[in-house]
Amino acid sequence: MDRHQLAEDLTLRERRLIIALDGPAGSGKSTTARLVAKRLGYTYLDTGAFYRALTLKVLDAGISPEDDAAILQLAEATQIELQPYEDKNRIWLDGREVTNLVREPAVTNAVAPIAANPKVRAIMVEKQRAIGRNGGIVMEGRDIGTVVFPDADLKIFMQASLEARARRRQEELAAMGITRDFEMLKEEIAERDQKDSSRKHAPLTRAADAILLDTTQMTIEQQVDFIVLELEKKMQSR
Ligand code: CDP
């Protein structure tokens, strides 16, 4: 990083902006968001963790992911807290740390119908807004640029081919000691994308003013540079 770039980063740090990163599973959002936050001295927030934590509770309680009324009741009686920790988020469900548990495939495969419930979303969105309101945040999810912060300072919509996304997800799970068949993962990701994109409330969709970033052929470092550069451009044009 040269001196000029360092000065620009420091200016961005002081401005405490809101950066919204949306996109489908495996598009590289989490790693990129974390590193952008680290570079700017911002907080990183993984909004998917809220929906994952509730899903874990639903599964543990033996409630069907399709039982909207029971899920809402559960959501209202649930405490979910995200604690930014170093460049990650630690997740607490009713006082119990579930940071790793929420990444388990059983949770991943049950989350979409639960996240489709509009009343559940209202509860989660309120928590997310409360954390991001003062800016200095990089928030990633599916509806950040469209619903949570439609006035975000910068919106990026990340995309990548299904093959690339499944490969990344397989590597991520392998690092957690979980072995998954590639073709099966591809199918599961495609199915979840379809559910997330076609739901009635806050579907996964690119905001009209979001910049499209296709990460199929990009390294993480290139993605981070792209976003910081777009942010600088945007701030200069203001
Ligand atoms: O890490 P990955 O991309 O697989 O998923 P995630 O970001 O942890 O999100 C898990 C699921 O939560 C998504 O498939 C959506 O169903 C839901 N979600 C959502 O509806 N809205 C968000 N802002 C974030 C996640």
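The values are calculated or read from the model by the stated rules, or taken from the named source; none is laboratory data. Computed from a predicted model, the values in this text were never measured in an experiment. Note: ideal-geometry Cβ built from the backbone for every residue, glycine included; neighbour counts use all protein chains shown. When the accessible area is computed, the model is the full protein with side chains, heavy atoms only, and any ligands, DNA or RNA have been set aside. Shrake-Rupley method; radii C 1.70, N 1.55, O 1.52, S 1.80 Å.
Couple of notes before you dig in:
- Scanning region 191-209 for residues being exposed (fewer than 15 other Cβ atoms within 10 Å of the Cβ) and assigned to a helix (DSSP H, G or I) gives a total of 4.
- Pick from region 105-134, criterion touching a residue at least 60 places away in the same chain (Cβ under 8 Å) and charged (D, E, K, R), ranking: nearest to the ligand (Cβ to nearest atom): R121
- Residues that are without any contact (Cβ under 8 Å) to a residue 24 or more places away in the chain and among the hydroxyl-bearing types (S, T, Y), drawn from region 216-238: T219, S237
- Qualifying residue in region 164-177 (condition: out of contact with any Leu (no Cβ under 6 Å at 6 or more places or on another chain) and at positive phi): yes
- From the list M158, M184, M176, the lone residue that is touching a residue at least 24 places away in the same chain (Cβ under 8 Å) and surrounded by fewer than 13 Cβ atoms within 10 Å (Cβ to Cβ) is M176.
Results for (1) modelled with pLDDT of 95 or more; (2) open to solvent by 40 Å² or more (accessible area, probe 1.4 Å), shown as yes or no for each residue.
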{"residue": "Y44", "(1), (2)": "yes, no"}
{"residue": "Y51", "(1), (2)": "yes, no"}
{"residue": "L59", "(1), (2)": "yes, yes"}
{"residue": "D67", "(1), (2)": "no, yes"}
{"residue": "E76", "(1), (2)": "no, yes"}
{"residue": "L82", "(1), (2)": "no, no"}
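- Search result, residues across region 95-110 that are assigned to a helix (DSSP H, G or I) and among the charged types (D, E, K, R): R103
- Single condition Q170 does not satisfy, out of (1) in a helix (DSSP H, G or I); (2) in contact with a Phe, Trp or Tyr (Cβ under 9 Å, 6 or more places away or on another chain); (3) touching a residue at least 24 places away in the same chain (Cβ under 8 Å): (3)
- From the list G95, G132, the one residue that fits, being small (G, A, S) and surrounded by fewer than 17 Cβ atoms within 10 Å (Cβ to Cβ), is G95.
- Here G145 meets the list (1) part of a helix (DSSP H, G or I); (2) farther than 21 Å from R13 by Cα almost entirely, failing just condition (2).
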